[in-house]
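Asker: Here it is, the structure, as structure tokens.
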Amino acid sequence: MSRHRGASSIPWKLVHYAHGKAMSQRVIPLDEPSSTLETRSDSTVPAALTRPRSMNTDSWELPEELRQIQDTVARFMSAEVKPAEDKLPHDAYELPADELDRLQRKARDIGLWCVRSPEEYGGAGLSLLGQAVVAEEAAKCRMGAYVPACGAFGADPPNAIWLGTKDQIERFGVPGIRQGKKIYFAISEASGGADPARSIRARAVRKGDKYLLNGSKMWITGAKGADWGIVFARTGEQGDRGGITAFIVKGNPEGMSLKPIPVIRSYAPYEITFKDVEVPVEDRLGDEGQGFAICETWLIEGRIPYAAGTLGVAQAALQIAIDWAKERETFRSKLADKQAIQWMVADSEMELRAARLLTWQAAWIADLGRGDLKIASSIAKVTATETAGRVVDRAIQILGGLGVSQELPLERWYRELRIKRIGEGPSEVHRMVLARHLLGSSR
């Protein structure tokens, strides 16, 4: 799999779009045609972009180039995404096709496309720290908890596809980036999801040049309409993590059926059932028995932007509460003058800053290639998701009845963030992983 580049390795158009200083000495307006965006005429990337002076490994200062990206995404969200989303119903989770196409074309033009995918295949190729920065800002819209930037930046293929063969990358990975459509990743089953080594019951049996896939998967987001997905099934003994294999399943083949699972968010996941679904041997991802390792690659790295996105939602909720507290008057004074409200706001800000630094630290560990990323990403995931839930809860309390109305996104965020403490591994499992690391693996 292509490793992430340095934290500051970002597309040139993105740098120039953010501040317009490098060549044009001005900020390029969001509505200016992409032809006015300046690009480099040579292929040499200056040393300042590959490893800037600001990238001090002993400091937690965000590199200047990532601050530029942060500003770019924030302005794009304010000027482009929010006006488009404001026209939609409260629980909408997709833009009209023509509106989405317009935003995606603008995002592509400035280099904000499939930010988690390698640049060599058409993505932005951001480091994990860069992905975390984008994820936080892109989540600051009503549907942002599960559809960042309302889909404007495209949906990255699962990073596990880059572990595949050259043929698989060309047939699935590259088109996945080009289209930017959601691709599903099917691990969980009715028997459980947090312990795939033991809970996976779906089975794939090889018959000549193909496998026959049988079983079912639960809670699979994005399954409907996906061009392909990665499905994990057992090819070895039950309970053996070395007996799990990954398969690329194309489209909606004969024997595959989908059933939506109503949940507390409007964006429903699906149950997928496989009955003698044929999967060619060439669509097996990795060797037999490598599925668990492939699964971990996706999960461990994915928890970092997952955590960052929840912080973006929570920061937006806190800002709503702050604005309300400054204006709302009760018992002859502003809410902002009351100690109870002040402490709720202060606690929220402190917790968000701490969770953000833990998330950035996990990304930093990955980008530098040192430290225990599995532990760091677990810490970030638990801290961020639980912090975000508390912050949104406080915001609702500050706004009172208005907080639970559909006039504001708070009640929607409250419902959706509740799921975040379960998805990508429940908090209790991550605490168990950390405890075993500290106390010994036998516990």
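Asker: Given a cut-off of under 8 Å on Cα pairs at least six residues apart, what relative contact order in percent is computed for the chain?
Answerer: Relative contact order for the chain comes out at 13 percent.
Asker: So what is the accessible area of region 119-160 per residue, in Å², with the probe set to 1.4 Å? Write down the numbers at each step before the final one.
Answerer: Numbers: 850 Å² over 42 residues.
With the other protein chains kept in place, region 119-160 gives 20 Å² per residue.
Asker: Here is a further query. Enumerate the amide H contacts of Lys210 below 5 Å, restricted to partners 5 or more residues apart or on another chain; note that Pro and chain-start residues carry no placed amide H.
Answerer: Close amide H contacts, sequence-distant or interchain: Val281.
Asker: Further question on the same structure: Among the helices of the chain (complete DSSP H runs), which have Cα atoms covering no less than 30 Å along the helix axis and a Kyte-Doolittle mean of at least -1.0?
Answerer: Working: long enough: 291-327 (54 Å, 0.56); 339-368 (43 Å, 0.24); 373-399 (38 Å, 0.59).
Flagged H segments are 291-327, 339-368, 373-399.
Asker: Based on DSSP H runs of at least 4 residues, each adding -39500 (n - 2.57), what is the mean residue ellipticity at 222 nm of the chain after dividing by all its residues, to the nearest 500 deg cm²/dmol?
Answerer: Working: 13 runs with 181 residues, N = 443.
After summing the helix terms and dividing by the residues of the chain, the value is -13000 deg cm²/dmol.
Asker: Keeping all protein chains in place and using 1.4 angstrom, which order do Glu64, Glu80, Glu278 fall into by accessible surface area, from largest down?
Answerer: Working: Glu64 65, Glu80 15, Glu278 105 Å².
Ranked list, largest accessible area first: Glu278, Glu64, Glu80.
Asker: Of all alpha-carbon pairs in region 311-350, indicate the percentage at a distance above 16 angstrom. Write out the running numbers ahead of the final one.
Answerer: Numbers: 248 of 780 pairs.
Value for region 311-350 (Cα pairs over 16 Å): 32 percent.
Asker: Right, here's the next one. Give me the percent of Cα-Cα pairs in region 372-443 that sit more than 16 Å apart, rounded to a whole number. Could the numbers behind the result be given before it?
Answerer: Numbers: 1402 of 2556 pairs.
Within region 372-443, distances greater than 16 Å cover 55 percent of Cα pairs.
Asker: Compute the distance in nm between two label points, each set 7 Å from the Cα along the Cα-to-Cβ direction, one at Glu288 and one at Asp227.
Answerer: So the label points at Glu288 and Asp227 sit 3.1 nm apart.
Asker: Moving on. Find the all-direction average of the projected area of the Cα convex hull for region 219-348, expressing the result in square nanometres with one decimal place. Walk me through the numbers before you get to the answer.
Answerer: Numbers: hull surface 48.0 nm².
Projected area, direction-averaged: 12.0 nm².
Asker: Under 10 °C and 1.306 mPa s, how fast does region 272-321 diffuse according to Stokes-Einstein, given a Kirkwood radius computed over C-alpha pairs? Answer in µm²/s, whole number.
Answerer: Numbers: Rh = 14.5 Å.
Using the Kirkwood radius from Cα pairs, D works out to 110 µm²/s.
Asker: Quick one: if you take sqrt(5λ) for each eigenvalue of the C-alpha gyration tensor of region 164-216, what semi-axes come out, biggest first, whole angstrom?
Answerer: On the way: eigenvalues 131, 64, 17 Å².
The equivalent ellipsoid of region 164-216 has semi-axes of 26, 18, 9 Å.
Asker: Here's a follow-up. For the chain, what is the convex hull volume of its Cα atoms per residue in Å³? Walk me through the numbers before you get to the answer.
Answerer: On the way: hull volume 70.8 nm³, N = 443.
Enclosed volume per residue, from the Cα hull, is 160 Å³.
Asker: How large is the accessible surface of Leu358 in square angstrom, using a 1.4 angstrom probe and rounding to the nearest 10?
Answerer: 60 Å²
Asker: Please state, as a whole number in µm²/s, the translational diffusion coefficient that the Stokes-Einstein equation yields for region 316-384 at 25 °C and 0.890 mPa s, with Rh defined as the Kirkwood radius across alpha carbon pairs. Don't skip to the end; give the middle numbers.
Answerer: Details: Rh = 14.0 Å.
Value of D from the Cα-based Kirkwood radius: 175 µm²/s.
Asker: Another one. How large a share of the accessible area of the chain, in percent, is made up of carbon and sulfur atoms when the probe is 1.4 Å and the other protein chains stay in place? Kindly include the intermediate steps, with their values, before the conclusion.
Answerer: Details: 10330 of 20170 Å².
Accessible surface attributable to carbon and sulfur in the chain totals 51 percent.
Asker: So, one more: So, with +1 on the Cβ of K and R and -1 on the Cβ of D and E, and no other charges, what is the size of the charge dipole of region 126-219 about its Cα centre, to the nearest 20 debye? Intermediate values should be presented prior to the final figure.
Answerer: On the way: 14 positive and 8 negative charges, 91 e Å.
Using Cβ point charges on Lys, Arg, Asp and Glu, region 126-219 gives about 440 debye.
Asker: Amide H of Asp91: which non-local residues (sequence gap of 5 or more, or other chain) have their own amide H closer than 5 Å, using H built in the peptide plane?
Answerer: Those qualifying (amide H under 5 Å, at least 5 residues apart or on another chain) number zero.
Asker: Count the DSSP beta bridges whose two residues both fall in the chain, then state the antiparallel fraction as a percent rounded to the nearest 5.
Answerer: Values: 30 of 34 bridges.
If I count the DSSP bridges inside the chain, around 90 percent turn out antiparallel.
Asker: Taking region 273-402, how much of its Cα-Cα pair set, in percent, is spaced more than 24 angstrom apart? Intermediate values should be presented prior to the final figure.
Answerer: Details: 4126 of 8385 pairs.
Above the 24 Å cut-off, region 273-402 has 49 percent of its Cα pairs.
Asker: Follow-up. Please list 86-97, 180-191 highest first by mean number of surrounding beta-carbon atoms within 10 Å per residue. Each step should come with its number before you reach the end.
Answerer: Numbers: 86-97: 13.6, 180-191: 20.7.
The densest-packed peptide leads the list: 180-191, 86-97.
Asker: How compact and how long is region 109-228, expressed as Rg and Dmax of its alpha-carbon atoms in Å?
Answerer: Radius of gyration, then largest Cα-Cα span, for region 109-228: 16.3, 50 Å.
Asker: Just the number please: accessible area per residue for region 224-273, 1.4 Å probe, all protein chains included, in Å².
Answerer: Roughly 44 Å² per residue, with all protein chains present.
Asker: Whole number in Å², please: accessible area per residue of region 328-443, 1.4 Å probe, ligands, DNA and RNA not counted.
Answerer: Each residue of region 328-443 exposes 53 Å² on average to a 1.4 Å probe.
The values are calculated or read from the model by the stated rules, or taken from the named source; none is laboratory data. From a predicted model like this one, the values you see are computed outputs, not experimental measurements. Neighbour counts run over all protein chains shown; Cβ positions are idealised from the backbone, glycine included. Just so you know, the surface numbers come from the protein's heavy atoms only, side chains and all, with ligands and any DNA or RNA stripped out. Shrake-Rupley method; radii C 1.70, N 1.55, O 1.52, S 1.80 Å.
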